[in-house]
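The values are calculated or read from the model by the stated rules, or taken from the named source; none is laboratory data. Treat the numbers as computed from the prediction; the structure is a model and nothing was measured. For neighbour counting, all protein chains shown are included, and Cβ atoms are generated from backbone atoms with ideal geometry for every residue, glycine included. For accessibility, only protein heavy atoms count, side chains too; no ligands or nucleic acids. Shrake-Rupley method; radii C 1.70, N 1.55, O 1.52, S 1.80 Å.
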Amino acid sequence: PGSGIPEPNRDYADRFRFGCFNHARKLTKPTIALFCDVLIECPESTLLLKSISFHEQDEQRRIRKRFEQKRIDPDRLIILDWVKGGLNHLACYNQIDAALDPFPYGGATTTAESLWMGVPVITIAGYNFNSRCGESINKNLNMEQLIAKDEDDYIKKVVNLTNNINDYINIRKSIFLDAIKSPLFNTEDYSKSFFETLKKIVQ
């Protein structure tokens, strides 16, 4: 108490719950198909989605329909309404156990938020800047066990995470401190490196 370090939290009594707080535009057909495969391979799990666009009921229905077309039980899909305020948004991470990164346009801000709230993120190694943010972030955390090489590997890593509960708990306990000690949050070194890179470009 008083340390300023958020404790891993879980404010619900439910099955293992995955989450994705990326904008709904990133929920591409391949991403939804992969998320459905995750739910099939983890039959006791649920999935929580959150997007600023979900303040529109039509958008919620559109996304629900795409999961139902994959024959996912509607009760296993939770869609959050829009919430006002940054702290209220961050508190929503207490409702999930692990975050699923979409592809090919993965998360950056949402991934950093997830780590800040002590929630691990499973991602796929990409091929360009937009698709490699999650890979870069997890590598800086030495969390390469959460970087999948392809969709099949993604599912394997998700299943491995849910089946090895002790390893999962250890990740939840350490991920925040690991993040703030990593280069990700070393603003001084980052600024120097960025400045030196700009100098080289100009030269």
(message) I'm told LYS181 meets every condition in (1) basic (Lys, Arg); (2) farther than 25 Å from SER51 by Cβ; (3) at pLDDT below 85 except one. Can you identify the failing condition by its number?
(response) (3)
(request) Considering each of LEU47, LEU39 in turn, give the residue that is outside any helix (DSSP H, G or I), of a type outside the set (S, T, N, Q) and at pLDDT 95 or above. (result) LEU47
(message) Where the second residue is of a type in the set (A, V, I, L, M) and in a helix (DSSP H, G or I) and the first is more than 11 Å from SER114 (Cβ to Cβ) and lies in the range 167-180, which pairs have Cβ atoms under 6 Å and are six or more apart or on separate chains?
(response) TYR168/LEU161
(request) Can you give me the number of residues within the range 21-71 that are out of contact with any Pro (no Cβ under 7 Å at 6 or more places or on another chain), open to solvent by less than 10 Å² (accessible area, probe 1.4 Å) and either over 20 Å from PHE103 (Cα atoms) or among the β-branched types (Val, Ile, Thr) (or both)? (result) 5
(message) Exactly one condition in (1) part of a helix (DSSP H, G or I); (2) over 22 Å from ASP150 (Cα atoms) is false for ILE32; which is it?
(response) (2)
(request) Identify all residues within the range 121-131 that are open to solvent by 10 Å² or more (accessible area, probe 1.4 Å) and either closer than 19 Å to ASN186 by Cβ or of a type outside the set (Ser, Thr, Tyr) (or both); write none if there are none. (result) ILE124, ALA125, GLY126, ASN128, PHE129, ASN130
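Kindly indicate which of LYS157, LYS139 is out of contact with any helix residue (DSSP H, G or I) (no Cβ under 7 Å at 6 or more places or on another chain) and not aromatic (Phe, Trp, Tyr).
Working: LYS157 fails: out of contact with any helix residue (DSSP H, G or I) (no Cβ under 7 Å at 6 or more places or on another chain).
Going through LYS157, LYS139 in turn, just one is out of contact with any helix residue (DSSP H, G or I) (no Cβ under 7 Å at 6 or more places or on another chain) and not aromatic (Phe, Trp, Tyr): LYS139.
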(request) Would you point out which residue out of GLY134, GLY118 is small (Gly, Ala, Ser), touching a residue at least 60 places away in the same chain (Cβ under 8 Å) and open to solvent by less than 20 Å² (accessible area, probe 1.4 Å)? (result) GLY118
